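The values are calculated or read from the model by the stated rules, or taken from the named source; none is laboratory data. Keep in mind that what you see is a predicted model, and the values were worked out from it rather than measured. Cβ: placed from backbone, ideal geometry, glycine included. Neighbour counts: every protein chain shown.
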Ligand SMILES: Cc1cc2nc3c(=O)[nH]c(=O)nc-3n(C[C@H](O)[C@H](O)[C@H](O)COP(=O)(O)OP(=O)(O)OC[C@H]3O[C@@H](n4cnc5c(N)ncnc54)[C@H](O)[C@@H]3O)c2cc1C
């Protein structure tokens, strides 16, 4: 069968948060991007409410953080099932908090950005087949039997990923918690806190505001375990909420109710030839700690600049393998940490409860442990492995450095400089050697020439991690580093 002509550089399957961020990045890089989404209309089914610091930094590097923050409420600590508390107020970031805002707000901003940058989003387009060869990938869509063809495809089609199934990539794991109730309701009496969280031996209850008078309840009753298909009665939601919180806030008028189970699974491979998996399609875990959407967005931020560099011919295809090398261990850590959190929070047996008390007390009284917990949950602590002998900054997240002003409109901070979607070279000296790479590089000087970076030249990847750094490098060394990361000019 002859394949159709290439219609896009990248086809993205699934317009959830992961796919939308990726689409915006690739379109901003000037690539032809098509997003295929099976739903005919935009989703109003919010799941995530928590946007963590590292995600806000990534959104800041795309000029979206302030607008998103305006839609929600900041919390400087996160209660996990009312039993474990993670303090975020001391995180070394411009965003030392977790933002509570419905997932639909994040998706709306990402979609607007993707469309503005020129991405095509086709709704009512369910992917049912794909084939790849040496030149590209053909993707079959059910409605109208249309076939799209691109150089690369990314499956961001969620936990039941069709792309993953078509590639034959397994999704091993197990169920962590079942019969969790979700309900969108009105309340007669507003809770005192933004998030209301409680847990007892009988179960847990969680209330979060949509910001328009509606509230999301997530509740779980240990004694009432039913299959996902069993209909939800409002009385079930009211009963367990009252049992756990002592009050039910007069919850009424549900507009939507559902019962779900949460799995802990991870694909062993994130790539098969020209096709990649990202977000829930690659990993899923319990909602404890609010990590799923955040991890998916970071996957997309890691993959987008690599795809762009390879498609532009600036980097070899091998760069794309580093997506799995870097992101798979992060997914595994999130699975482990969110799994540990939910198991501790739901601990029932006497020894398990004793362990929970010990961990909670240690987290409260041992500052390094509390700090590590905050860095893990917020994503601020994530770093990637550096090659042997590399400068100690390589692989680490680069904080939002203050930059010396280069006239009106020039970036004042690293995250502003990253908005161009390019590498940023931070150097105290003017470096004429960078001139041949002008089209793929932003250069800036640190605002404080006597600060920590005074003799250091630092090359920051478009996703905000250090690619290369050296103290007082020679022109030859710098040229070599730029050629390695940005290609031969
Ligand atoms: C109750 C609950 C609370 C949560 N709370 C949080 C939280 O506070 N913070 C957090 O970070 N995460 C949270 N999560 C997880 C978060 O919602 C997910 O991790 C996130 O939505 C994953 O985004 P995604 O883009 O990878 O996939 P999805 O959002 O699932 O999007 C996948 C898209 O692909 C489309 N699609 C599927 N199949 C096809 C196909 N064959 N063809 C075309 N399109 C297709 C779907 O229609 C969908 O639009 C929560 C989850 C639950 C269940």
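Summary of values
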| item | result |
| --- | --- |
| Count of region 185-206 residues which are assigned to a strand (DSSP E or B) and under 18 Å from residue 256 (Cβ atoms) | 4 |
| Residue ID - nearest to the chain's Cα centre (by Cα), chosen from residues in region 207-223 that are within 22 Å of residue 345 (Cβ to Cβ) and part of a loop (DSSP other than H, G, I, E, B) | 222 |
| Any hit, region 61-69, residues being buried (at least 20 other Cβ atoms within 10 Å of the Cβ), within 16 Å of the ligand (Cβ to nearest atom) and in a helix (DSSP H, G or I) | yes |
| Residue within region 279-301 that is away from the ligand (no atom under 16 Å from the Cβ) and either closer than 29 Å to residue 172 by Cα or surrounded by 15 or more Cβ atoms within 10 Å (Cβ to Cβ) (or both) present | no |
| Test: residue in region 349-364 that is within 12 Å of the ligand (Cβ to nearest atom), at pLDDT below 95, in contact with a strand residue (DSSP E or B) (Cβ under 8 Å, 6 or more places away or on another chain) and more than 28 Å from residue 461 (Cα to Cα) | no |
| Where residue 107 falls short, out of the listed (1) more than 10 Å from the ligand (Cβ to nearest atom); (2) at pLDDT 95 or above; (3) within 20 Å of residue 298 (Cα to Cα) | (1) |
| Hits in region 6-24 - residues which are more than 6 Å from the ligand (Cβ to nearest atom) and in contact with a strand residue (DSSP E or B) (Cβ under 9 Å, 6 or more places away or on another chain) | 6, 7, 8, 9, 10, 11, 12, 20, 22, 23, 24 |
| Qualifying position, being part of a loop (DSSP other than H, G, I, E, B) and crowded, with 17+ Cβ neighbours inside 10 Å, among 478, 453, 425 | 453 |
| Which listed residue is without any contact (Cβ under 8 Å) to a residue 60 or more places away in the chain, surrounded by fewer than 24 Cβ atoms within 10 Å (Cβ to Cβ) and not assigned by TED's automatic domain parsing to the domain that holds residue 183, from 224, 271, 242 | 271 |
| Matching option when the condition is over 16 Å from the mean Cα position of the chain (by Cα) and surrounded by fewer than 21 Cβ atoms within 10 Å (Cβ to Cβ), among 74, 47 | 74 |
| Condition met for residue 335 (within 25 Å of residue 191 (Cβ to Cβ), in contact with a strand residue (DSSP E or B) (Cβ under 6 Å, 6 or more places away or on another chain), within 16 Å of the ligand (Cβ to nearest atom) and assigned to a helix (DSSP H, G or I)) | no |
| Cβ-Cβ under 7 Å pairs, at least 6 apart or on other chains, region 149-170 side not assigned by TED's automatic domain parsing to the domain that holds residue 35 and at pLDDT below 95, far side assigned to a strand (DSSP E or B) and within 11 Å of the ligand (Cβ to nearest atom) | none |
| Among the residues listed as 181, 167, the single one being within 13 Å of the ligand (Cβ to nearest atom) and closer than 29 Å to residue 313 by Cβ | 167 |
| Criterion: at positive phi and either at pLDDT 90 or above or part of a helix (DSSP H, G or I) (or both) - qualifying residue of 30, 19 | 30 |
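Let's see how each residue does on (1) farther than 30 Å from residue 168 by Cβ; (2) in a strand (DSSP E or B); (3) under 30 Å from the mean Cα position of the chain (by Cα):
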site: 240; (1), (2), (3): yes, no, no
site: 243; (1), (2), (3): yes, no, no
site: 256; (1), (2), (3): yes, yes, yes
site: 276; (1), (2), (3): no, yes, yes
